[in-house]
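What follows is one structure encoded as structure tokens, with my remarks underneath.
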Amino acid sequence: MTAEQRLADVFVALAGSTTDGPVDLAATLSILAKRSPPLLGARAAAVVFAAGERAAVHVAGSDPQVSRLEHDAVGWREGPGHDCHHADVPPVQTILNRHPTRQRWPHYTPRALELGHTRVVALPLRGSTRTSGALVLLSGPPGGFSPETLALGQSVADFTAVTLQRAHEADRSRTLATQLEQALTSRVIIEQAKGVLATRRAVPMDDAFDILRRHARSHHRLLSDVAREVVEGRADPAL
């Protein structure tokens, strides 16, 4: 498979993971983490992602050991993924087996070195409004990543961030539409129940609504549920 074909496959897989129904966040992050090493010449890769400032942080890795490393790094609040996501630092390739790096990331660095990784770089997942995470690329000796490779990796990371953001917005729109539909349905049922009670008791519509509401509150029930029972002829005889 050519490099162009691998790149096209990655974009197709990322786009396809968010097109059918709700966002499968774990699948999307896994695609990015597992497809990045062969595409970008890394030994391993990981993705750190959070949908919002206070949202839970999700981690995916190209292998279980890297997944565990990046998951622990979230708790340590250190490592390239954490710094890229929270400190908004520019992508810089870091050599891990140097003293300044060990001081900067005292927990992350020895674990990464134990796994055979000597260089690391984190690329931000940049959406249209904010940075939602980072793509972490790890490599061993002898070399790092060329500027061209990092530019390609940044494009893939940005595409993932924008794709997830748009899919999340679509999910919110679907949820809002469902809530509005349910609210409209409940309102219609309540109006119908008011008419039934007003006719049955020969009272004004406002009085019928007060009766309905008091009954629901006194029995700790949803107004819409009580109204539906009135309309369907299953209401409490007290009504």
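Values computed for the structure shown
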read-out: By accessible area with a 1.4 Å probe, ligands and nucleic acids excluded, highest first: order of E232, E148, E78; value: E148, E232, E78
read-out: Size of electric dipole in the stretch 31-91: Cβ of Lys, Arg +1 and of Asp, Glu -1, about Cα centre, debye, nearest 20; value: 240 debye
read-out: Local electrostatic count, V47, Cβ distance below 11 Å [Lys/Arg +1, Asp/Glu -1]; value: +1
read-out: Charge tally in the Cβ shell below 14 Å around G75, where Lys, Arg are +1 and Asp, Glu are -1, G75 excluded; value: 0
read-out: Kyte-Doolittle mean at least 1.6, axial Cα span of 15 Å or more - DSSP H helices of the chain; value: none
read-out: Unit charges at the beta carbon, dipole of the stretch 76-204: most positive-side option, A161, P141, T185; value: T185
read-out: Estimated distance in nm for a label pair at N97 and V188, the labels positioned 7 Å out from Cα along Cα-to-Cβ; value: 7.1 nm
read-out: Among [x] 47, 40, 32; [y] 54, 37, 34; [z] 89, 40, 28, the entry derived from the coordinates for Cα extents along the principal axes in Å; value: [z]
read-out: Average accessible area per residue (Å²) across the chain - probe 1.4 Å, nucleic acids and ligands excluded; value: 55 Å²
read-out: Magnitude of the charge dipole, the chain, Cβ model with Lys/Arg +1 and Asp/Glu -1, debye to 20; value: 400 debye
read-out: In Å², nearest 10: area of F209 left accessible to a 1.4 Å probe; value: 40 Å²
read-out: Accessible surface of the chain, 1.4 Å probe, proportion on carbon and sulfur as whole %; value: 54 percent
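The values are calculated or read from the model by the stated rules, or taken from the named source; none is laboratory data. Computed from a predicted structure; not experimentally measured. We place every Cβ from the backbone using ideal geometry, glycine too, and count neighbours over all the protein chains shown. To get the accessible areas, we keep the full protein, side chains included, count just its heavy atoms, and leave off ligands, DNA and RNA. Shrake-Rupley method; radii C 1.70, N 1.55, O 1.52, S 1.80 Å.
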